[in-house]
Amino acid sequence: MRSFVLAVASLLALAACSPQAPDGSNAAPPADAPATPPPPAAAPIPEEFSGDMDARGTEPFWGLQIRGTQITLQRPDHPAAVGPNPGLTMQEGKAVWETQAGTDRLVVTLRLEDCSDGMSDLKYDYAAEVVIGSETLKGCAGKAGAMPKGQ
């Protein structure tokens, strides 16, 4: 009887030291299983949204530059709103940049679609929306250096 109790106690001690799966089982993972799952791969940035971008709007007038490390929004009668460029995320076919510009949250959304600024015959490749604080600005955008110019 004494040896039976020692055997049971030994088995219980070994079981307490065995790693357990989240479901409580003692099944060990396969020897070739990675220790932790790899992080999801970042979605590639579509060529249409890569590189420096410029956006502008009318009524009210505004201009925005997206550069490698910085996003800058300029408007008359307002100080420039400048924030770090965290990079874009793709959301249902739209490119979205979200940053903090001073005390304001700045969200820039570009969609690949024909756009007109409403005051000229200029045509742009992108529609733009900029939200700063509680204000929403709408306009057009293009690749920096390839923005349409007036006649």
Percentage relative contact order, the range 48-143, counting C-alpha pairs under 8 Å, at least six apart: 23 percent
Spatially proximal aspartates and glutamates relative to Lys143 (Cα-Cα < 14 Å; intrachain offsets below 8 disregarded): Glu47, Glu48, Asp52, Asp54, Glu113, Asp114, Asp125
Can you list the residues, at least 5 places off or on another chain, whose amide H is less than 5 Å from the amide H of Ala144, using H built in the peptide plane? Asp52, Met53, Asp54
Expected vector for the range 53-70, Karplus 3J(HN,Hα) from phi with 6.51, -1.76, 1.60 and θ = phi - 60°, integer Hz, x for Gly and Pro, equals 10, 10, 9, 8, x, 10, 6, x, 6, 7, x, 9, 10, 10, 10, x, 10, 8
Antiparallel DSSP bridges in the range 48-143: what percent, to the nearest 5? 100 percent
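Since every read-out is calculated from the coordinates, none of them should be taken as a lab result. In this text, all values refer to a predicted model and were calculated from it rather than measured experimentally.
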